[in-house]
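Structure first, then comments.
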Amino acid sequence: MVRIYTYSKCDTCRRALRFLREHNVPFEEIAIRETTPSKSELKAMATAYGGTRRLFNSSGSDYKALRLSARLPGVAEEEALKLLSQNGNLVKRPFLIGENVRLVGFKLPQWEAAFLAEGTML
């Protein structure tokens, strides 16, 4: 089973959930604004995506209000993880994590490769 952090008003999240349901992927849905990914989940995702910068929801109002586009280049990874773990609005979504899968955002080819490739394990 995978854990997917979503926001109910996010169209991209709804498309990701539809994909999971259509392909009978068992999942646990978590409201990202109420429960942010843990630091260990964020670290695992940062490793998969080559750093914390790609985990930020750069189009969100909180990101813009905090002027993170200018600040992030100088922020240490631990501080970036703290920001993400304390504010679900800063985390790019959907945020899906499982034993053998790590996905941020919803790009159909990536999700198909992760879940539909022969021999893929959840």
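With an 8 Å cut-off on Cα pairs and a minimum separation of 6 or more residues, tell me the relative contact order of the stretch 68-120 in percent. Don't jump to the answer; show the numbers that get you there.
Values: 25 pairs, mean separation 9.0, N = 53.
Rounded, it is 17 percent for the stretch 68-120.
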Quiz item: By a straight-distance test (C-alpha under 19 Å), which lysines pair with residue 107 as possible cross-link partners, with residues fewer than eight away in the same chain excluded?
Solution: 9, 92
Quiz item: For the chain, what is the relative contact order in percent, using Cα pairs closer than 8 Å and at least 6 residues apart in sequence?
Solution: 32 percent
Quiz item: How do the peptides 42-48, 20-26 rank, highest first, by the average count of neighbouring beta carbon atoms within 10 Å per residue?
Solution: 42-48, 20-26
Exercise. Taking only protein heavy atoms into account and a 1.4 Å probe, give the accessible area per residue of the chain in Å².
Key: 57 Å²
Practice problem: Quick one: pull the percent of accessible area on the stretch 16-122 belonging to carbon and sulfur, 1.4 Å probe, ligands and nucleic acids left out. | Solution: 47 percent
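Arranged from highest to lowest average of other beta-carbon atoms within 10 Å per residue, in what order do the peptides 67-80, 49-62, 95-108 appear?
Sorting 67-80, 49-62, 95-108 by mean packing, highest first, produces 95-108, 49-62, 67-80.
For residue 1, what is the net charge nearby, where nearby means another residue's Cβ is under 15 Å from its Cβ and Lys, Arg count +1, Asp, Glu -1? Each step should come with its number before you reach the end.
Values: positive: 3, 21, 102; negative: 28, 29, 41, 99.
With Lys, Arg at +1 and Asp, Glu at -1, the net is -1.
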Quiz item: What is the Rg over Rh value, at two decimals, for the chain, using alpha-carbon atoms and the Kirkwood definition of Rh?
Solution: 0.96
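The values are calculated or read from the model by the stated rules, or taken from the named source; none is laboratory data. Given the structure is predicted, the values throughout are model-derived calculations rather than measurements. We place every Cβ from the backbone using ideal geometry, glycine too, and count neighbours over all the protein chains shown. Please note that ligands, DNA and RNA were not included when accessible areas were found on the heavy atoms of the full protein model with its side chains. Shrake-Rupley method; radii C 1.70, N 1.55, O 1.52, S 1.80 Å.
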